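Undergrad: Okay, here's the structure, questions in a sec.
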Amino acid sequence: MKKALVIIFLSVICFQLSAQNEGRIGIFQGVSKTSLFNADDAAFGDYLPTIKPTIGVEAGYHFTLFHALPMGFSVQFSRNGAGQNYRGYYVDSTSYYAYTRLTYLRSGIALHMGTNPRRQVSLAISYGANIGFLANYQERYEIIRYNNDRYILDIKNNDVSVYDTSEIKGTLTSALYNKTDLNVFGSLGLNFLLSKNWVFGFYGRLDYGLSPVDNTQKINVNYDTQPSTSANFKLFNSKVKYHGPTNDLVTHGATNNIGYGVYLTLKYRIYNKEKIEFYYKENRKYNHQ
């Protein structure tokens, strides 16, 4: 019985979708204020504003449901920057700078709603989910001592460089950040018909990570010394990142990717220009009579 109801429902929707449809394919680009949000880190107050870019492609299908409700769905592929900048002080008045840079390749789907997309200007609302695959990352920490000497820890993927009185290199036994990141997103904006074939869009967008980004498993660093040495890497074994003392029994709290910013889109329209029903009629300027 349930299967029959599903088949009937899908059949009705397919019949209604045949009334009016339009495909759109294009590119999008944006900048976002990103954060590796951790409640303890945020409360401590060492965060600095962090801006990262995004670029991607999108292909979507738009229709009117039951001759009344403009809807659509799309698939998206993008390259997203994420991370966090830090600036803080210690009790002995020394200070530090640090940053985390993450790059993800994301794939996702979105559902779209709004006003009639064939008007000169239309409102667009979308929400969806995507999964990100970590492409590369960098973790850099620099402490400034009284005499202006610097201690620098620089990690690029799993390669470690430590600059103190001399330079030591090493390798992590596991990445600092998880390979995948699941998040949801929503956007609100306007679409503008530039011509019969092109649509320009301007959006505000929020991304919220659902899975922790930190790899909380035990990580060792193997130093290229003679003889070679190995040590437990304890960057996250503290209540607040970059603030000790470290302790194997302390685990850094869950950290999630969050970002909000502005996006621009340019899309090409694929549709039957001769098939325009009265209930979904575009502006006369772009209507073939």
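Undergrad: Given the residues Ile25, Ile55, which is the only one that is assigned to a strand (DSSP E or B), surrounded by fewer than 19 Cβ atoms within 10 Å (Cβ to Cβ) and over 18 Å from the mean Cα position of the chain (by Cα)?
TA: Of Ile25, Ile55, the one residue that is assigned to a strand (DSSP E or B), surrounded by fewer than 19 Cβ atoms within 10 Å (Cβ to Cβ) and over 18 Å from the mean Cα position of the chain (by Cα) is Ile25.
Undergrad: Against the condition farther than 30 Å from Ser74 by Cβ and either over 24 Å from the mean Cα position of the chain (by Cα) or surrounded by fewer than 14 Cβ atoms within 10 Å (Cβ to Cβ) (or both), how does Leu249 come out, does it pass?
TA: yes
Undergrad: If you don't mind, there's one more thing I want to ask. Which residue pairs have Cβ atoms closer than 7 Å, lie 6 or more positions apart in sequence or on different chains, and pair a first residue in segment 240-261 that is in contact (Cβ under 8 Å) with a residue 12 or more places away in the chain with a second residue that is among the aliphatic types (A, V, I, L, M) and not in a strand (DSSP E or B)?
TA: What qualifies is Gly253/Ala39; Thr255/Val213; Asn256/Val213; Asn257/Val213.
Undergrad: Can you go through Asn197, Asn183, Asn237 and tell me which one is in contact (Cβ under 8 Å) with a residue 60 or more places away in the chain and under 17 Å from Ala254 (Cβ atoms)?
TA: Asn183
Undergrad: Scanning for something farther than 24 Å from Arg87 by Cα, at pLDDT 95 or above, over 23 Å from the mean Cα position of the chain (by Cα) and assigned to a strand (DSSP E or B), does segment 154-169 turn up at least one residue?
TA: Scanning segment 154-169, I find no residue that is farther than 24 Å from Arg87 by Cα, at pLDDT 95 or above, over 23 Å from the mean Cα position of the chain (by Cα) and assigned to a strand (DSSP E or B), so the answer is no.
Undergrad: Taking segment 98-108 as the search range and keeping residues that are under 13 Å from the mean Cα position of the chain (by Cα) and of a type in the set (A, V, I, L, M), which one is surrounded by the fewest Cβ atoms within 10 Å (Cβ to Cβ)?
TA: Among those that are under 13 Å from the mean Cα position of the chain (by Cα) and of a type in the set (A, V, I, L, M), it is Leu105.
Undergrad: So, in segment 36-55, exactly how many residues are more than 16 Å from Glu139 (Cβ to Cβ) and either without any contact (Cβ under 8 Å) to a residue 60 or more places away in the chain or of a type outside the set (S, T, N, Q) (or both)?
TA: 11
Undergrad: Now, a different point. Show the residue pairs that are 6+ apart or on different chains and have beta-carbon atoms under 6 Å apart, the first residue being within segment 210-222 and surrounded by 14 or more Cβ atoms within 10 Å (Cβ to Cβ), the second being part of a strand (DSSP E or B) and aliphatic (A, V, I, L, M).
TA: Pairs that qualify, where the first residue is surrounded by 14 or more Cβ atoms within 10 Å (Cβ to Cβ) and the partner is part of a strand (DSSP E or B) and aliphatic (A, V, I, L, M), are Ser211/Leu182; Ile219/Leu172; Val221/Val160; Val221/Leu172; Val221/Ala231.
The values are calculated or read from the model by the stated rules, or taken from the named source; none is laboratory data. Just so we're clear, the structure is a prediction, and the values are computed from it rather than from any experiment. All Cβ positions, glycine included, derive from the backbone under ideal geometry; neighbour counts span all protein chains shown.
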